[in-house]
Amino acid sequence: MSIYQGFFIFAFILLALGVILVVVNNLLALRRPYKEKLIAYECGLDPSGDTRIPFRIRFYLIGLLFLVFDVEIVFLYPWAIVFDHLGLFGFIEIFVFMIMLLVAYIYAWSEGALTWE
Amino acid sequence: MGITLNFSVIFTEIIFILISSLIFLTDKFIKNKNYSFYIAFITLIVGIFLALFTPFGNFTYAYQNDFSSSILKLFVLFGAILITLISYNYLQHFKALNYGEYYGLILFSLVGSFIMLSAMDLLTIYLGLELMSFPVYFLIALNYAYNKTSLEGSLKYFLMGSLGSLFILIGLGLVYYFIGTFTLPEISHKLIEESINNKILLLAFIFFLGGFSIKLSFVPFHMWAPDAYESAPVPITSFIASIMKFTAMATLVKIILIGFNPLKVQIGELLIPIILLTILIGNIMAIKQDNIIRMLAYSSIAHAGYAGLGLISGNYAGYSFSIFYMLVYLIMTIGIFSVLVFLANYKKDLLNIPNMAGLSKNYPFISFLILIFMFSLAGVPPTAGFMAKFYVFLFLIKAKYIWVALLAILFSVIGAYPYLRVLKVIYMDEKDISFEYKYGITFLIPVCLTAFLVIILGVYPQVLTNIIYKTIYLYVNLFFYPQ
């Protein structure tokens, strides 16, 4: 508790500040809404058309592949620090790990997951 | 507890992973579409030899290859060979399913099953559970070309499987906080020697039970089963129903016997309402179903309940008959789904029960096979299903839970109706079905072998029963004399 005391005070002040700002605003702010104030802003014109745009599934696929290879990189960082100490055994072990992810990479590439359209 | 690294002990898993990666990498570049079937089949035959001749030993403290895990792996491999054969038959007629990914994913799922069966460590069991389940989520969704609801079934199974993993991880955290290790024999020893509060470890086990009961489809978590089973390709449905449930039950028995041995009787008592509700709901919901695969999905919920009755009796023989029940269920399931593959190949709407009317007039062999498997599922005497139910109820009564056995027998009488209704529609309705058919050898081998085993095990189950009892005996030995 004595080490993290500063951190707890900092977190508590942040939380309290956020809560106070929102709650006090809700209680004390002046509210006089009328119809023209509440419509969506579209450079002064009347709003027209649909608010939805089609979502490209490619974004999801790229995010998924990024997640997998990012986790691989996260596993490589600690290995890179203690690489000397682990010797040949550690090198071959991380090599096997990377070969399995290389198989996944070649599979994703040959299925066309890395092209944009 | 040492780190000994005999790589020869995990040789089977290494070979399976390498060959499955080979299938994934090269399947797009090879012209012959059946190439991946031949490779997968040869790998499974090689896997049987490896399971028989791999040396016993430990690979670190977490993975142990001994007689019990070799025998259980042999059972899983036997089921996997039959499923691969019937998949070949299915894929000849349903050509839009991608062959390479199909067989490669089945091999990955089998590696996960092997890891679960030989694990001695709770974290390794969790790893095997995830590795076993993920390829199956994709395999269900492969059916998108033929059944658009397969994505829904796969997503439901995925979400409930993630919930199960969440429960298992909470249980792991509780176990580690109070005991300090994940290794199964040491958990039991610390429970006996030091005075750790039994109730907290019982709570941790309840979280594990929640996670495993999603795989075994016990009652509060059974809702994924009908949708996933109905919309998957038919051989994949038999893979989920037979091999995944067998592995999950065997692993649960191992966790209870080696890991939580002092809590056996309390675990049995808390399982009673879950298992009784499972049997009741599985049997009642199967009555109204018109699609035979949905009916078999609800019946598989009920059969997992019957196998769980062996877990309620806290004696060692009850646990061994729990595994025996799941093995008999594996054989029956692969048999009945192989017959359904035959029916689905030639006329897709034959999978609806009223459309099967009058099947016995022109196709007596197929009707006889359906008769054998339906009698075995219902528990009629000369078949293996009766023997398995008999032994499970016998050891439940020996453990003095007579009212539980009485209620379970009542519910199983309700459950005999769906199977007998199928037989009534096939044999006693007056309609005419005819279609061109051909018995390929990849259909005849699984079907004849499983029908033969069902009848033989119904009159002489002692061979398999003795083997499974020896497995449990070795687990108990491991608990009392850890190496």
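The values are calculated or read from the model by the stated rules, or taken from the named source; none is laboratory data. The structure displayed is predicted, hence computed values, not measured ones. Cβ coordinates were reconstructed from backbone atoms using ideal geometry, including for glycine residues, and neighbour counts include every protein chain displayed.
Inside region A:7-117, counting only helices (runs of 4 or more DSSP H) that do not spill past its ends, which hold 3 or more residues that are away from chain B (no Cβ under 14 Å), in contact with a helix residue (DSSP H, G or I) (Cβ under 7 Å, 6 or more places away or on another chain) and within 30 Å of B:Ile15 (Cα to Cα)?
A:57-81
Of the residues that sit in region B:113-144 and are touching a residue at least 40 places away in the same chain (Cβ under 8 Å) and more than 18 Å from the chain's Cα centre (by Cα), which one is surrounded by the most Cβ atoms within 10 Å (Cβ to Cβ)?
Per the criteria, the residue is B:Met120.
Pairs under 9 Å by beta carbon, first residue more than 15 Å from B:Ala62 (Cα to Cα) in region B:2-29, partner surrounded by fewer than 16 Cβ atoms within 10 Å (Cβ to Cβ) and of a type in the set (Phe, Trp, Tyr), six or more apart or different chains?
B:Ile14/B:Phe7
For the condition within 26 Å of the chain's Cα centre (by Cα) and loosely packed, with under 13 Cβ neighbours inside 10 Å, what is the one hit in A:Trp79, A:Trp109?
The match here is A:Trp109.
Scanning region B:1-55 for residues that are touching a strand residue (DSSP E or B) at 6+ places or on another chain (Cβ under 9 Å) and β-branched (Val, Ile, Thr), which turns out nearest to B:Phe108 (Cα to Cα)?
B:Thr12
Looking at region B:293-312, can you tell me whether even one residue there is touching a helix residue (DSSP H, G or I) at 6+ places or on another chain (Cβ under 9 Å), assigned to a loop (DSSP other than H, G, I, E, B) and more than 30 Å from B:Phe479 (Cβ to Cβ)?
Within region B:293-312, not a single residue is touching a helix residue (DSSP H, G or I) at 6+ places or on another chain (Cβ under 9 Å), assigned to a loop (DSSP other than H, G, I, E, B) and more than 30 Å from B:Phe479 (Cβ to Cβ).
In region B:249-274, how many residues are free of Cβ contacts under 8 Å to residues at least 60 places away in the same chain and under 16 Å from B:Met326 (Cβ atoms)?
Count: 1.
Restricted to region B:1-33, and to residues that are closer than 21 Å to A:Phe89 by Cα and polar (S, T, N, Q), which residue is surrounded by the fewest Cβ atoms within 10 Å (Cβ to Cβ)?
Selected residue: B:Thr4.
Against the condition among the small types (Gly, Ala, Ser), touching a residue at least 60 places away in the same chain (Cβ under 8 Å) and outside any helix (DSSP H, G or I), how does B:Ser242 come out, does it pass?
So B:Ser242 fails the test.
Just wondering, is there one or more residues in region B:328-336 that are farther than 20 Å from B:Leu453 by Cα, assigned to a helix (DSSP H, G or I), among the β-branched types (Val, Ile, Thr) and modelled with pLDDT of 90 or more?
No, because not a single residue in region B:328-336 is farther than 20 Å from B:Leu453 by Cα, assigned to a helix (DSSP H, G or I), among the β-branched types (Val, Ile, Thr) and modelled with pLDDT of 90 or more.
Condition first: at pLDDT 90 or above, of a type in the set (A, V, I, L, M) and in contact with a His (Cβ under 9 Å, 6 or more places away or on another chain). Can you find one or more residues in region B:204-211 that meet it?
Checked region B:204-211: no residue is at pLDDT 90 or above, of a type in the set (A, V, I, L, M) and in contact with a His (Cβ under 9 Å, 6 or more places away or on another chain).
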